1. Among residues belonging to segment 414-435 that are within 16 Å of L336 (Cα to Cα) and either assigned to a helix (DSSP H, G or I) or of a type in the set (V, I, T) (or both), point out the one that is farthest from the chain's Cα centre (by Cα).
2. What are the pairs, 6+ residues apart or on separate chains, where a residue within segment 332-349 that is assigned to a helix (DSSP H, G or I) has its Cβ under 8 Å from a residue that is among the aromatic types (F, W, Y)?
3. Can you name every residue in segment 466-490 that is of a type outside the set (A, V, I, L, M) and either part of a helix (DSSP H, G or I) or surrounded by fewer than 20 Cβ atoms within 10 Å (Cβ to Cβ) (or both)?
4. What number of residues within segment 517-539 satisfy the criterion of being among the hydrophobic types (A, V, I, L, M, F, W, C), part of a helix (DSSP H, G or I), surrounded by fewer than 24 Cβ atoms within 10 Å (Cβ to Cβ) and modelled with pLDDT of 65 or more?
5. Select from segment 564-585 the residues that are under 22 Å from E455 (Cα atoms) and buried (at least 20 other Cβ atoms within 10 Å of the Cβ) and list them in ascending order.
6. Kindly evaluate A343 against the criterion of being surrounded by 20 or more Cβ atoms within 10 Å (Cβ to Cβ) and either under 14 Å from R428 (Cα atoms) or not assigned by TED's automatic domain parsing to the domain that holds A180 (or both).
7. Examine segment 223-234 for a residue that is out of contact with any Pro (no Cβ under 6 Å at 6 or more places or on another chain) and either modelled with pLDDT of 85 or more or not assigned by TED's automatic domain parsing to the domain that holds I570 (or both), and state whether such a residue exists.
Amino acid sequence: MIAFLKNEGKRTVLFLVLSIPALVVSFFHIGNLPIDAAWVPILLCGIPIVKGAVTGLVTRFDIKADVLVSIALVASIMIGETFAAGEVAFIMAVGGYLEERTVAKARAGIEKLVHLTPATARVVRDGREEIVPAEQVEIGDVLRVLAGETVVVDGTILKGQTSIDQSVMTGESLPVDKGAGDEVFSGTVNQFGTFDMTAQKVGEDSSLQRMIRLVQSADAGKAKIVGLADRWATWIVVTALLAAGITWLVTGEIIRSVTILVVFCPCALVLATPTAVMASIGNATKFGILVREGDALERLSQVKRIAFDKTGTLTYGRPEVVQVHSVDSLLDDRTLFSLAAAAELRSEHPLGKAIVAGYRQKHGALPGQPEAFELLAGRGVAARVTGQEILAGKEALMAEQKIPLPRELLILADKAKRKGCTVIYLARNGCAAGLIALSDTPRPDAAQTIAAIHETGVQTVLLTGDAEAAASHIAGLSGIRDVRADCLPETKLETIRAYQAGNEPVCMVGDGINDAPALKTALVGIAMGGIGSDIAIDAADIALIRDDIKSVPHLLALSQKMMRTIKQNIAFSLILNFVAIGFAIAGVLNPVVGALVHNAGSVVVIINSALLLRWGIKKQKTKNSHVVREAQYENY
């Protein structure tokens, strides 16, 4: 029982349950009780309110709604309106409980993340499995993950084949096939097979722990407009005391003054903003968005321009093969591709790895291993594949090896470069054989996202460190007309400052370390939370955990809807208060009815805010990432 009473939520429910029959008995004068039953809600629900008001007033001179409520409660008791006092205390407790439930529901979606971290890990040492506490896992440890278990830390699979449920990190609805060399993330669930992995990011550095830190930093109390409502509440307290005093002096009826105090309590006004902010944060979490700063949504509603980084934001942030072309009459495109992939098989260069991954994605396993391999630093690779001498690299490598490039190949290469591609030339047995073009391909939903943003009246700009050709190509595919290429970190920062100096508040969306200054300088910073750097995420106000830029238009519309809801709440609460005061001064309302009218307004405000939790949510099927990537190979 003691443990039950220590839980504030359960204790409040118990007090409310006990207060209901007491108020019924008091209102209908049931039984011949020695004291009024309304004292039950006064003691159970009213004392915490009075205690909080006195503490805030004495320790911080904090004049808030509880001060006026306490005065109204005490005044009702002094004039013998015990039922009115009990009703005020009860309905205030109901309003407070509903607010807590709204906030709790808003946070529920993100707080689930805290419970995803496994308590133990299965470490393999000297060929033997050992169960250790999860916090004892160190970088370099080999872990074994069985079917159905949750991955403890970030790392790379050493051996084994499996499927991983990554929905907590990426939102993908289907498990993703994984094998040796693939990355796995903490908090994801191993669906079928068993695999061994090496730990690379442990403890606070793991993906799940980083996400939890973002969750814990979400705080609606930082919203500037909440402070505005609090200041209004202070003035309303003063006004209420003056109105009650003047009414008493003019009419001589203390009951009218007490009624004014009851209906003047600014609870609905104080609840107007925090409930809307927290409900909006809860809504955002359903779309894989973590709001790190409480006032971020308020600021986002003021934005007139959204600036996007390119690599990793509008694009996937990794090179992928987009074109294979053979000029060797003895080789078709697929055969050339297989020779290039085999030649690059032992390469550690990102472009070489991309060629190998691209072939496997398109055609499956490679036909064989290279018989010889040599890395030509800064130029490319040389390898012997099925007895053939293969070169793959830059134009400079071909010139060095005195291999002329036919005009057809140079024209194709020039077209690819104008589209922002990187070109790898291929030679077989000392003769030019063709080329492979790689590009950081745009996300398939980029154009749809930009179009949706433009529909809201907000403009877009691309800020990237890439060359003009690559920047213009991606901007054209995405629908962004304003492009700033070759940007250094300070260039991005200066560009954003220039826009904001021209009365164009900017929201910056980025993922890299070089984006951190811009994210911090912009009115609102949005980081790609899944692939983004820790520094970028720490500098941002909002993180897109699923790296899903489609959620940006929803976030923009949600911020505007939240501000409309806050204004509705404030307008409704003020109108209700002043209308009720007029009736109280005229003697139409008594303290009992006044309490009902006033607190009903608080309930309406909370319900109106709670509607934001489900606003704009539609069921959408998320395509698996490898299905989306497959479509990018249809051109060759």
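1. Of everything passing the filter in segment 414-435, I424 is farthest from the chain's Cα centre (by Cα).
2. Hits for this filter: D333/Y636; F337/Y359; S338/Y359; A340/Y359; A341/Y359; A343/F373.
3. Selection gives E468, S472, H473, G476, S478, G479, R481, D482, R484, D486, P489, E490.
4. First pass over segment 517-539, keeping only residues among the hydrophobic types (A, V, I, L, M, F, W, C): 518-519, 522-524, 526-528, 531, 535-537, 539.
Narrowing further to those that are part of a helix (DSSP H, G or I): 518-519, 535-537, 539.
So of that shortlist, the ones also surrounded by fewer than 24 Cβ atoms within 10 Å (Cβ to Cβ) come out as 535, 539.
This time we only want the ones that are modelled with pLDDT of 65 or more, so: 539.
So the count comes out to 1.
5. T565
6. Working: surrounded by 20 or more Cβ atoms within 10 Å (Cβ to Cβ): yes; either under 14 Å from R428 (Cα atoms) or not assigned by TED's automatic domain parsing to the domain that holds A180 (or both): yes.
Taking the combined requirement at face value, the residue satisfies it.
7. Filtering segment 223-234 for residues out of contact with any Pro (no Cβ under 6 Å at 6 or more places or on another chain) gives 223-225, 227-232, 234.
Next, only the ones that are either modelled with pLDDT of 85 or more or not assigned by TED's automatic domain parsing to the domain that holds I570 (or both) stay: none.
No, because not a single residue in segment 223-234 is out of contact with any Pro (no Cβ under 6 Å at 6 or more places or on another chain) and either modelled with pLDDT of 85 or more or not assigned by TED's automatic domain parsing to the domain that holds I570 (or both).
Per-residue answers, yes or no, for (1) more than 30 Å from S280 (Cβ to Cβ); (2) modelled with pLDDT of 85 or more; (3) surrounded by 14 or more Cβ atoms within 10 Å (Cβ to Cβ):
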site: L5; (1), (2), (3): yes, no, no
site: K10; (1), (2), (3): no, no, no
site: L23; (1), (2), (3): yes, yes, yes
site: L44; (1), (2), (3): yes, yes, yes
site: I71; (1), (2), (3): yes, yes, yes
site: A93; (1), (2), (3): no, no, yes
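The values are calculated or read from the model by the stated rules, or taken from the named source; none is laboratory data. Bear in mind the structure is a predicted one, so any value in this text is a computation, not a measurement. Backbone-built Cβ (ideal geometry, glycine too); neighbour counts: all protein chains shown.
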